């Protein structure tokens with residue numbers, strides 16, 4: 001059994017002191033331990049941004065790629081070796097901005113991945129610009145008069161795209177988040193965990209306090225996560241009250257189950273060479 | 001590739017044309033296969049606009065007892081399934097050629113509408129014959145092919161065999177109906193005595209069985225032979241047929257084939273698969289490759305083996321979506337930001353497409369670099385008869401891919417270890433004790449992100465050190481034709497075929513010309529290229545682009561420039577006769 005301590009990498013996180021990313025990292029390590037994953041059979045794929053430095057801080061395999069593309073990379077890794085537990089770390093810009101189309105497609109494909117999105121409603125690493133999830137009127141360097149675009153609602157999008165595990169966590173509640181990630185890892189299919197993650201440097205509106213005042217645990221309200229219509233209602237809730245926890249959960253065939261080639265075992269472990277002579281014969 | 005000898009080689013050229021939806025593609029393939037089954041060499045080209053129905057499609061088939069690798073401008077037999085084909089292509093019919101058309105689908109006063117026709121008109125009631133046979137209107141093409149084989153006095157059995165193998169797979173009754181229709185067209189021209197029947201080509205008895213396939217087919221077979229298990233792509237002409245081929249063989253070859261949301265996903269997925277240890281590839285055309293460009297650098301920085309296929313079509317932008325050009329060489333040579341080692345190669349025919357695609361996978365994995373295979377509309381979609389590929393001695397080389405045992409014996413494993421040859425041993429995710437993070441940010445040998453200038457320099461040098469060994473595996477340009485010629489054609493990629501046939505035709509006229517052809521363009525094979533170029537007296541560059549992109553590369557790498565440049569960028573490949581004339585003119 002791996003402990004969170006054993007999962008600590010030698011690299012020291014360089015996030016700002018007090019950043020929500022620290023508690024997400026702690027929760028990820030805790031969840032990997034709780035779910036009983038073997039580190040060498042775990043792979044964390046990330047894109048670009050503050051969030052995406054996370055793979056370097058966990059002693060598992062990792063892939064720190066390019067902006068917006070962790071989902072296609074992770075999808076192929078999972079299909080190429082489905083014995084691996086693949087966790088995707090992304091941010092609101094990475095996943096819902098530049099990588100939005102991959103997000104919708106990964107959800108509809110129901111790839112067996114755990115997708116954790118550090119959602120701080122701002123671009124942090126590029127020093128404070130508006131993000132797809134910034135609230136209407138939100139002022140940044142690029143929106144000095146306030147954002148004029150309505151925010152993207154990732155949970156609603158995931159539901160519309162046929163998501164099978166749609167949830168929200170809060171970096172200010174690491175115990176809850178850790179449990180949520182365990183559920184996500186155990187889920188067969190794509191598990192979306194959108195995490196409210198305060199950026200303590202560039203977002204002076206959506207602070208720990210701001211989220212804390214609004215967040216409430218759905219599990220305490222009798223919400224039925226198998227009720228899609230109820231989930232749609234809860235996914236829209238964003239104001240004085242914001243639900244956290246599992247909004248929707250359902251079992252559906254996963255992407256890898258639909259690939260005939262994988263029935264013979266992980267693709268990466270199958271013999272390489274195929275016989276092309278019958279194919280050549282067909283051209284004669 | 002064996003060269004046709006210097007004796008006059010008779011090439012029969014047949015063109016079939018009509019609207020999209022008339023079955024032009026199938027017809028062209030049937031004609032090509034009929035000739036191939038008779039032991040003849042064939043080479044084809046297809047021209048079609050970017051639409052589904054209507055428009056104007058042509059399929060040209062050149063056949064010869066000798067090898068034929070370039071398309072001819074002139075045709076012996078024109079099969080016009082519509083009026084437009086007749087009007088637009090009459091001037092291409094040779095003196096003594098024949099123009100076959102549907103009697104009732106064409107205006108009655110045929111002669112008036114085609115005053116330039118130097119050949120004979122052969123009206124055949126294609127529609128009536130189809131009606132008599134109670135066949136589908138689209139079967140006019142089969143009747144016409146039958147009639148064509150009749151007027152050139154070519155043994156019907158070869159056409160029948162081609163039809164049976166094309167349609168018989170689906171449904172024998174379809175095959176029978178088509179054989180019947182073709183036979184009716186054949187009999188009509190023979191029996192009615194209304195047109196001249198002339199033996200224009202003879203089968204070659206005892207010739208070896210040859211495949212009839214495209215460059216894309218050859219690339220796909222080369223990839224499968226190399227152990228490809230993952231293929232992801234987004235449809236884009238002229239690369240799409242690779243995707244179709246892979247999808248059709250997904251189950252039998254145990255592949256994962258994915259049509260993705262865009263080319264970015266296609267390339268990133270292929271990188272992901274390769275990272276997990278699966279040989280993968282992504283193919284596209286120029287526009288799609290623009291989207292894949294960022295991933296090329298990702299493969300380089302993470303040192304993930306990666307094979308791209310860039311099948312060119314004319315740009316910029318959408319350009320001519322279904323036409324031919326070689327305008328992306330300079331783009332491929334430097335695509336993606338930053339300095340890194342890559343391999344760029346451009347096969348010139350089916351054999352090169354097959355063997356060098358296979359080699360591309362070995363190079364990608366041995367050196368952990370991206371490899372870009374450049375094709376183009378002409379090579380990708382032209383059918384050429386080719387001997388079944390000889391698979392002897394083809395060995396998959398996975399380079400420094402570690403086993404679990406090797407990894408266990410390496411306590412302080414560093415994924416990006418600074419080695420003598422610049423290539424670091426590669427552990428695969430899932431292996432015990434190899435845990436590391438592949439990193440698109442520059443990094444330490446461990447994979448951890450690095451910002452230190454000394455480490456940055458060291459790791460850049462490490463990645464570039466791969467060149468020292470890689471360059472030894474890069475074949476230089478190949479010289480074809482007579483040694484010590486007065487003039488040398490210098491070309492690359494798919495221009496090889498038309499240049500070869502133009503050279504042979506000039507040699508037959510007594511002109512002293514040979515041909516220097518480049519397949520590998522990066523890393524540039526400087527030494528062998530210089531050796532070959534030193535032997536030349538007068539060089540003529542032939543390229544299908546506006547700015548002589550190979551010449552730009554020669555100037556950069558060797559401070560060498562060709563003496564004369566022949567360029568073409570009208571969206572069509574070179575025809576042999578006008579190319580030969582231009583080379584002759586350049587020599588004057």
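Which order do peptides A:109-122, B:410-423 fall in by mean Cβ count within 10 Å, highest first? Working shown, then result.
Working: A:109-122: 26.5, B:410-423: 16.1.
The peptides rank, most packed first, as A:109-122, B:410-423.
Please list, by residue number, everything in the stretch B:169-211 whose backbone N is under 14 Å from a paramagnetic label point 7 Å out along Cα→Cβ of residue B:157.
Only B:203-207 pass the distance filter.
If Rh is defined by the Kirkwood formula over all Cα pairs and Rg also comes from Cα, what ratio Rg/Rh do you get for chain B?
1.02
Report the Stokes-Einstein translational diffusion coefficient (µm² s⁻¹, integer) for the protein assembly as shown, Rh taken as the Kirkwood radius over Cα pairs, at 20 °C with viscosity 1.002 mPa s.
My calculation gives 72 µm²/s for D.
Which order do the peptides B:282-295, A:82-95, B:379-392, A:199-212 take when ranked by the mean count of other beta-carbon atoms within 10 Å per residue, highest first?
A:82-95, B:282-295, B:379-392, A:199-212
For chain A, give me the percentage of DSSP beta bridges that are antiparallel, rounded to the nearest 5 percent.
The answer is about 20 percent antiparallel.
Just checking the output field for A:77-87: average partner chain Cβ neighbours within 10 Å of each residue's Cβ?
That average works out to 5.
What is the antiparallel percent of DSSP beta bridges lying wholly in the protein assembly as shown, to the nearest 5? List each step's numbers first, then the result.
Numbers: 33 of 114 bridges.
Taking every DSSP beta bridge within the protein assembly as shown, about 30 percent pair in antiparallel fashion.
What does the structure give for B:247-257 when I average, per residue, the other chain Cβ atoms found within 10 Å of the residue Cβ?
Taking all residues of B:247-257 together, the mean is 4.
Taking chain A as a Gaussian network, where each spring joins two C-alpha atoms under 10 Å apart, which residue of A:197, A:213, A:250 fluctuates the most?
Greatest mean-square fluctuation among the candidates belongs to A:213.
At a Förster radius of 41 Å, what calculated FRET efficiency corresponds to the Cβ-Cβ distance of residue A:8 and residue A:229, to the nearest 0.05?
Step by step, r from the Cβ atoms, then E = 0.45.
Can you show me the helix-derived [θ] at 222 nm for chain B, built from DSSP H runs with n ≥ 4 at -39,500 (n - 2.57) apiece and divided by the number of residues, rounded to the nearest 500.
-11500 deg cm²/dmol, from helical runs alone.
Find how much the distance from residue B:199 to residue B:131 grows on full extension, using 0.36 nm per residue of separation minus their present alpha carbon separation; answer in nm with one decimal.
Length gained, residue B:199 through residue B:131: 21.5 nm.
What list do you get for B:153, B:83 if you sort them by fewest beta carbons within 10 Å?
B:153, B:83
Between residue A:139 and residue B:164, what FRET efficiency comes out of the Förster formula 1/(1 + (r/R0)^6) with R0 = 60 Å and r the beta carbon distance, rounded to 0.05?
Taking R0 as 60 Å, the efficiency between residue B:164 and residue A:139 is 0.25.
Between the stretch A:112-176 and the stretch A:260-276, what is the C-alpha centre distance in whole Å?
Taking the Cα centre of the stretch A:260-276 as reference, the centre of the stretch A:112-176 is 39 Å away.
Roughly what angle does helix B:350-367 make with the longest principal axis of chain B, taking Cα atoms, 0 to 90 degrees, to the nearest 10?
In chain B, helix B:350-367 runs at an angle near 10 degrees to the longest axis.
Evaluate the Debye formula for chain A with equal point scatterers sitting on the alpha carbons, no solvent, and hand back log10 of I(q)/I(0) at q = 0.09, 0.12, 0.14 Å⁻¹, in q order, two decimals.
Treating every Cα as an identical point scatterer, log10 I(q)/I(0) equals -0.42, -0.72, -0.96.
Rank-order B:269-276, A:54-61, B:237-244, B:213-220 by packing density, defined as the average count of other C-beta atoms within 10 Å over each peptide's residues, highest first. Let's see the in-between values first.
On the way: B:269-276: 30.9, A:54-61: 25.6, B:237-244: 21.9, B:213-220: 28.1.
Listed from highest to lowest mean packing, they are B:269-276, B:213-220, A:54-61, B:237-244.
With an 8 Å Cα cut-off and a minimum separation of 6 or more residues, compute the relative contact order for the stretch A:92-195 in percent.
Relative contact order here is 32 percent.
To the nearest µm²/s, what D does Stokes-Einstein give for the stretch A:196-284 at 20 °C and 1.002 mPa s, using the Kirkwood radius over alpha carbon pairs as Rh?
118
Give the Cα extents of the stretch B:140-206 along the principal axes, in whole Å, largest first.
Here the Cα extents, ordered largest to smallest, are 36, 31, 15 Å.
Pairs of Cα atoms under 8 Å, at least six residues apart: use those to get the relative contact order of chain A, whole percent.
That works out to 18 percent.
Let me confirm one metric for peptide B:302-310, namely the mean number of other chain beta-carbon atoms within 10 Å of its residues' beta-carbons.
Per residue, the number of nearby Cβ atoms from other chains is 1 on average.
More than 15 angstrom separation, counting every C-alpha pair in the stretch B:535-588; what % is that? Before the final figure, lay out each step's value.
Details: 728 of 1431 pairs.
The proportion of pairs with Cα distances above 15 Å equals 51 percent.
Report the relative contact order of the stretch B:78-177, percent, no decimals, based on alpha-carbon pairs under 8 angstrom and at least 6 residues apart. Before the final figure, lay out each step's value.
Values: 120 pairs, mean separation 21.4, N = 100.
RCO, the stretch B:78-177: 21 percent.
Only the coordinates and a few stated rules stand behind these numbers; no lab work does. These figures come from a predicted structure and were not determined experimentally. We place every Cβ from the backbone using ideal geometry, glycine too, and count neighbours over all the protein chains shown.
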